[in-house]
Amino acid sequence: MSASPARPPAGDAPTSRAASLAEWLRGRDDRDLLRLLRLRPDLSLPAPADLAALAGRMGVRTSTQRAVDALNAHALRALELLVLAADDTETVGSPPLDALDELLDRGLVWGDAGSVHLVPTVRESIGPHPAGLGRPAAILFPLVADIQLVPVLRHLGLPPSAQPRAGVSVAEVLAQPDRVRALIDESDEAEREVLARLAAGPPVGTVRSTRLAAAEAEQSAPHRLMNRGLLAPIDIQRVELPREVGLALRDEVEPVSAEPPELELNRREPGELDRLGATAVLEFLRLVDTLAETWTAQPPSLLRSGGVGVRDLRRTARDLAVDEQAAALVAEVGYAAGLLNSSNGPEPVFLPTPEYDAWRARDPAARWVRLASAWLAMTRQPSLVNQRGERDRMITALGPDAERGTMPALRRQVLDLLLDLPPGAAPATRDNVLAMFSWHQPRRASGQRPLAEAILAEADLLGITAAGGLTGYSRTLLAGSPSTADSRQFSAAAEHALANALPEPVDHFLVQPDLTAVVPGQPDPSLAGELALVADLESTGGAHVYRFTEASVRRALDAGRSGEQLAAFIETRSRTPVPQALRYLVDDAARRHGVLRAGAAASYLRCDDVALLARVVADRHNDALQLRLLAPTVVVSEAPPNRVLEVLRAAGYSPAAEAAGGALITLGSDAARAPARPPGRTVATRAAANSDAQLTELVRRMRAGDQLADVTRQVPAIAAQIPGVTSATTMELLRRAVREDRLVWLGIAEADGSATAHEMFPISLAAGLVRGYERGGDQLVAFPVHRITAVRLVDADEE
């Protein structure tokens with residue numbers, strides 16, 4: 001197969017055509033080789049010794065597959081056309097020159113100004129159906145059983161024969177375009193619909209059974225097409241459209257446009273996107289805080305198979321007031337950021353780590369940057385949670401089955417499409433972005449469209465995008481990556497940009513007559529902490545709404561606040577008059593709080609209200625405490641004070657803890673925490689030689705390795721002229737060089753396994769060493785004789 005490339009090979013290559021891929025690489029100039037290594041970084045790991053090794057690595061199946069998968073739709077169709085042309089398929093069209101240029105740069109094809117050749121593994125990487133066309137009839141029909149070819153031979157007017165001759169005869173008929181068109185013209189509407197669907201690709205379809213029906217009237221459209229040779233059965237339930245039929249239906253395989261599909265954009269001011277995104281940022285930070293508090297109070301158990309159970313995830317979603325997919329995202333991002341971990345012990349549970357406490361003390365912008373960076377780099381995909389994975393097993397949040405090593409690269413590929421848009425621009429719909437993704441990555445997009453759609457949804461929830469477009473602070477964050485040395489600078493710049501976009505936190509609220517408090521904005525940390533203690537959060541958004549209830553006030557009293565402190569907090573922070581009903585609520589809860597008091601006996605209860613204490617002892621809800629009445633006003637229990645307080649509060653009473661002297665105290669303890677964990681595993685590209693200086697040095701070394709290989713190849717040819725070359729002959733050549741003061745070329749095997757070449761004037765040969773002066777040097781050198789792999793005398797004209 002030949003084609004004219006977009007440009008002739010550069011460099012000082014001879015005008016004759018290259019006979020091999022390695023020879024073609026030698027004819028490329030350094031800029032072409034640098035471009036190849038940038039486009040295919042896996043070729044430089046580990047560094048090839050010479051261009052022949054590079055050529056061999058270019059033909060490795062996995063490397064070629066990566067390069068093919070990275071092609072856009074325009075270049076991929078050009079490569080498919082070349083594959084079809086290599087199969088002598090007619091009417092496939094010519095590949096565009098600009099796409100051919102791309103294929104040459106990526107090393108998927110090679111050649112000179114007169115012909116282009118495929119790298120051997122390209123055909124395998126493309127697959128059996130290039131451009132959505134099936135395999136040729138000459139491949140398909142010789143594999144069909146004799147009995148199934150009987151009606152085909154009869155319809156085509158061919159004499160009966162056994163395989164493989166029968167299949168060859170059918171293929172010869174289908175090789176005639178006029179006969180194929182005539183067979184297609186015989187098709188009815190149902191048959192044409194089947195042909196059109198398979199011609200559009202993929203060319204393989206499924207039927208209930210490819211076996212012949214008992215009666216012709218019972219045959220379906222695919223069976224009638226099989227009887228005429230327009231479809232070939234490939235197994236018991238699948239049929240394939242022969243390539244000749246597909247080309248007849250298409251007329252020609254057209255190239256794909258060199259330009260990606262145009263996006264319908266909604267344009268806004270960049271500042272507006274930042275403000276919309278800031279609202280999502282604050283909401284996501286609140287969700288992480290709420291999840292940490294919820295899991296501190298009721299930690300979910302770690303399943304034996306790993307992860308959080310379905311029931312615990314459902315409870316977490318209910319506590320966060322989001323769906324289970326969003327709850328899984330919050331948990332996965334918190335885990336990837338090192339804020340959550342499983343505890344040690346016989347019954348491990350998931351808890352916040354000490355890192356969470358340090359993270360919570362930071363400002364919102366820094367907290368978000370850590371979460372967003374963890375999401376970009378984590379190798380897990382939350383959208384898979386609650387789906388069936390391998391062996392039909394449920395994928396759980398934080399479980400091992402949600403691991404996907406390609407996710408960091410896929411996230412960057414999807415977000416880079418948005419990054420290329422001007423600031424403030426957003427696609428009108430997600431379908432537009434997915435169509436663009438399909439053009440840029442057609443091979444990967446076919447199976448990754450659901451993941452790409454999930455990435456866009458997660459980016460919206462995280463605040464990386466707003467109204468479908470990238471925010472300004474997200475653009476700054478995406479400018480860096482974990483593999484760049486200045487990623488911290490981009491993170492710091494993103495923090496600064498987000499801090500400017502976030503609204504100023506407020507330190508007050510507005511109390512309403514219905515016992516709600518409205519915070520007109522984002523509450524500052526001190527206000528948010530106190531309000532979360534004394535009231536229940538009802539809604540968030542541009543404003544936060546909290547509701548005061550008897551249970552919430554009692555929660556604040558249990559935490560050690562007094563009634564006077566709560567009243568002072570509400571009075572000080574409220575910009576509206578405090579309703580009388582709220583005052584009564586706080587005063588009444590404070591008055592009743594602590595009427596029952598627990599202490600250590602193991603623990604005790606004392607109460608001046610004899611009737612109330614008798615009711616507590618008689619209450620069946622308190623049987624687990626094993627209360628025992630010591631006196632009309634004193635009860636003791638075997639349970640610790642914390643447990644006594646917990647059970648009595650659950651039963652609706654308002655006990656308080658007291659010290660030995662009778663003073664009210666708070667029997668609190670530090671929140672349970674899981675051990676700290678290292679940052680989540682990231683899939684950063686291996687330390688490839690990606691800088692211009694490193695790649696230039698690599699090209700120089702490969703060129704030098706080629707020169708050394710050329711010299712080494714000459715040695716066997718010279719040695720072959722001397723029959724019976726042995727170590728004794730090598731020693732004789734060295735002694736002759738010493739006697740005649742001749743320049744000698746030596747091939748040396750170094751200690752690290754590498755091969756080097758040296759030219760020297762030997763002056764002595766003794767004690768297993770050859771000593772002398774290297775050509776052009778004045779320093780005495782010595783080489784062990786046992787490391788000499790080749791030797792020859794340099795001719796006078798070479799000197």
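Apply 1/(1 + (r/R0)^6) to the Cβ-Cβ distance of residue 429 and residue 47, taking R0 = 35 Å, and write down the FRET efficiency to the nearest 0.05.
0.15
Keeping all protein chains in place and using 1.4 angstrom, which order do 608, 741 fall into by accessible surface area, from largest down?
From most accessible down to least: 608, 741.
How much length is gained on full extension from residue 700 to residue 740, taking 0.36 nm per residue of separation minus their Cα-Cα distance?
Extra length from residue 700 to residue 740 when fully extended: 10.8 nm.
At 0.36 nm per residue, minus the direct Cα-Cα distance, what do residue 638 and residue 61 gain on full extension? Give it in nm, one decimal, please.
So the extension gain works out to 200.6 nm.
Counting only C-alpha contacts under 8 Å and six or more residues apart, can you give the relative contact order of the range 16-174 as a whole percent?
Over the range 16-174, the number comes to 21 percent.
Gain in length, residue 189 to residue 387, computed as 0.36 nm per residue apart minus the alpha-carbon separation, to one decimal in nm?
Result: 67.3 nm gained on full extension.
Taking a virtual spin label 7 Å from the Cα of residue 526 along the C-beta vector, which residues in the range 552-569 bring their backbone nitrogen under 14 Å of it?
569
Given the options 614, 276, 245, identify the residue whose Cα lies farthest towards the positive end of the charge dipole of the chain (+1 on Cβ of Lys, Arg; -1 on Cβ of Asp, Glu).
Value: 614.
Along the positive direction of the dipole of the chain (beta-carbon charges: Lys, Arg +1; Asp, Glu -1; about the Cα centre), which of 632, 505, 579 reaches farthest?
Going by the Cα projections, it comes out as 632.
Heavy-atom accessible area per residue, the chain, 1.4 Å probe: how many Å²?
Counting only protein heavy atoms, the per-residue value for the chain is 49 Å².
How far is it, in nm, from the label point at residue 624 to the one at residue 161 when both lie 7 Å from their Cα along the line to the Cβ?
Calculated label separation equals 8.6 nm.
How large is the charge dipole for the range 452-554, taken about the Cα centre, if only the Cβ atoms of Lys, Arg (+1) and Asp, Glu (-1) carry charge, to the nearest 20 debye?
In total the dipole reaches around 220 debye.
Where the accessible area of the chain is counted over protein heavy atoms with a 1.4 Å probe, how much of it, in %, is carbon and sulfur?
Carbon and sulfur together cover 53 percent of it.
For residue 353, which sequence-distant residues (separation of 5 or more, or a different chain) have an amide H within less than 5 Å of its own amide H, given hydrogens modelled in the peptide plane?
Excluding prolines and chain starts, which carry no amide H, the hits are 340, 341, 674.
Using the Cα gyration tensor of the range 285-372, with a ≥ b ≥ c the square roots of its eigenvalues, what is the shape: rounded (a/c below 1.5), prolate (a/b larger than b/c) or oblate (neither)?
Oblate, since a/c reaches 1.5 and b/c is not below a/b.
State, as an integer percentage, the relative contact order of the chain based on alpha-carbon contacts under 8 Å between residues 6 or more apart.
After rounding, I find 10 percent.
With charges set only on the Cβ (+1 for Lys and Arg, -1 for Asp and Glu), what does the dipole of the chain come to about its Cα centre, in debye to the nearest 20?
With Lys and Arg at +1 and Asp and Glu at -1, about 1820 debye.
I need the calculated FRET efficiency for the pair residue 206 and residue 254, taking r as the beta carbon distance and R₀ as 35 Å, to the nearest 0.05.
With a Förster radius of 35 Å, E is 0.80.
Could you pull out which residues in the range 233-253 have an amide N less than 14 Å from a spot 7 Å beyond the Cα of residue 87, following the Cα-Cβ vector?
Under 14 Å, as judged by backbone N against the label point of residue 87, lie 240-248, 253 of the range 233-253.
According to a simple spin-label model (label point 7 Å from Cα along Cα-to-Cβ), what is the distance in nm between residue 612 and residue 646?
Here the answer is 2.4 nm between the modelled labels.
Considering only the other residues whose Cβ falls under 13 Å of the Cβ of residue 782, what net charge follows from Lys and Arg at +1 and Asp and Glu at -1?
+1
Give me the net charge of residue 635's neighbourhood, meaning all other residues with Cβ under 9 Å from the Cβ of residue 635; Lys, Arg count +1, Asp, Glu -1.
Net charge around residue 635: +2.
By how many degrees, between 0 and 90 and to the nearest 10, does the Cα long axis of helix 324-336 differ from the longest principal axis of the chain?
Roughly 80 degrees, rounded to the nearest 10.
The values are calculated or read from the model by the stated rules, or taken from the named source; none is laboratory data. What you see is a predicted model, and the numbers here were worked out from it, not measured in a lab. Note that each Cβ is placed from the backbone with ideal geometry, even for glycine, and that neighbours are counted across all protein chains shown. We work out accessible area using only protein heavy atoms, side chains counted, and drop any ligands, DNA or RNA first. Shrake-Rupley method; radii C 1.70, N 1.55, O 1.52, S 1.80 Å.
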